[in-house]
Amino acid sequence: MPFHATVLTLYPEMFPGHLGVSLAGKALERGQWSIEAVQIRDFAGDKHRTVDDTPAGGGAGMVLKPDVLARAIDHVSADDERPRLLMSPRGRPLTQARVRELAAGPGAVIVCGRFEGVDQRVIDTRNLEEVSIGDYILSGGEPAALVLLDAVVRILPGVMGNDLSGVHESFEGGLLEHPHYTRPQVFEGHEIPAVLTSGNHGAVAKWRAAEARRLTAERRPDLLERDPKSGSRLSEESRANKDLEHDPVQPVKK
């Protein structure tokens with residue numbers, strides 16, 4: 001069964017957006033995945049199609065009403081086993097491991113928040129999994145939903161010309177990806193590292209592993225302290241074993 005995404009939004013015209021072009025767009029045309037954008041306002045109960053109200057306890061902004069949003073969710077996924085995701089800056093960070101889990105499933109129902117947020121009661125009663133794509137605030141959940149779907153769709157079987165392209169890249173092994181080079185051999189006085197044109201595949205693999213670890217240590221040292229499978233912090237012993245795994249020439253300290 002192809003991956004099917006249902007997006008609940010106040011701006012359905014934003015979809016499929018950039019996912020309608022390039023590899024994702026071609027896969028969409030081939031039926032390798034599908035997307036449906038549903039207007040939340042269609043489930044409002046008054047003539048003004050009201051979807052928000054003032055926050056209980058006071059404060060700035062408006063909050064998406066639980067009754068309206070619950071009706072929308074129930075309409076699209078009453079007997080549906082797809083995960084229900086709420087794009088939210090307070091959610092758990094989206095990881096490549098979670099992306100792969102989603103890509104292996106039948107699809108997802110994605111709620112795009114607006115205003116100050118969503119009434120907590122609909123989050124609780126409809127089992128919404130809050131997902132964040134970064135520590136910053138967007139005007140709404142739609143751009144975040146597109147980012148999540150981009151990450152998922154590109155690794156669906158057959159979407160990329162070479163499925164290995166989705167394996168040998170940043171975050172797949174818990175590290176950032178190594179640098180890439182291509183012809184010409186010399187560009188503005190800078191040469192391709194000699195090891196990459198040596199024909200020694202073992203040396204190339206070792207160089208790439210070392211460079212990936214170097215870049216990760218410089219830019220994302222937090223990744224070195226996390227288990228790539230679970231995302232949890234590694235123990236001191238696990239970190240030591242991880243060091244030896246990625247740097248096999250490192251001597252064992254006695």
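The values are calculated or read from the model by the stated rules, or taken from the named source; none is laboratory data. Predicted model, so just to flag it, every value in this text is computed and none were measured. Please note: Cβ atoms are built from the backbone with ideal geometry, for glycine as well, and neighbour counts cover all protein chains shown. We work out accessible area using only protein heavy atoms, side chains counted, and drop any ligands, DNA or RNA first. Shrake-Rupley method; radii C 1.70, N 1.55, O 1.52, S 1.80 Å.
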Of all residues making up the range 23-48, the number that are of a type in the set (Asp, Glu) and free of Cβ contacts under 8 Å to residues at least 24 places away in the same chain:
2
Identify, please: which residue in the range 191-213 is basic (Lys, Arg) and open to solvent by 60 Å² or more (accessible area, probe 1.4 Å) and is, among those, nearest to residue 176 (Cα to Cα)?
208
Step by step: first the residues of the range 150-188, then only those that are at pLDDT 95 or above and assigned to a helix (DSSP H, G or I), then the one that is most open to solvent (accessible area, probe 1.4 Å). Which residue is that?
150
Which numbered condition residue 1 fails, given (1) of a type in the set (A, V, I, L, M); (2) within 17 Å of residue 145 (Cα to Cα); (3) loosely packed, with under 14 Cβ neighbours inside 10 Å:
(2)
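Only one of 124, 119, 80 is touching a residue at least 12 places away in the same chain (Cβ under 8 Å), within 30 Å of residue 62 (Cβ to Cβ) and open to solvent by 40 Å² or more (accessible area, probe 1.4 Å). Can you tell me which? So that I can check it myself, show each step before the final result.
Values: 124 fails: touching a residue at least 12 places away in the same chain (Cβ under 8 Å); 119 fails: open to solvent by 40 Å² or more (accessible area, probe 1.4 Å).
Selected residue: 80, the only one of 124, 119, 80 that is touching a residue at least 12 places away in the same chain (Cβ under 8 Å), within 30 Å of residue 62 (Cβ to Cβ) and open to solvent by 40 Å² or more (accessible area, probe 1.4 Å).
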Taking the range 59-76, which residues are open to solvent by 50 Å² or more (accessible area, probe 1.4 Å) and assigned to a loop (DSSP other than H, G, I, E, B)?
59, 60, 62, 65
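Quick one: is residue 105 within 30 Å of residue 175 (Cβ to Cβ), in a loop (DSSP other than H, G, I, E, B), open to solvent by less than 40 Å² (accessible area, probe 1.4 Å) and among the small types (Gly, Ala, Ser)? Walk me through it before giving the result.
Details: within 30 Å of residue 175 (Cβ to Cβ): yes; in a loop (DSSP other than H, G, I, E, B): yes; open to solvent by less than 40 Å² (accessible area, probe 1.4 Å): yes; among the small types (Gly, Ala, Ser): yes.
Yes; evaluated as a whole, the condition is true for this residue.
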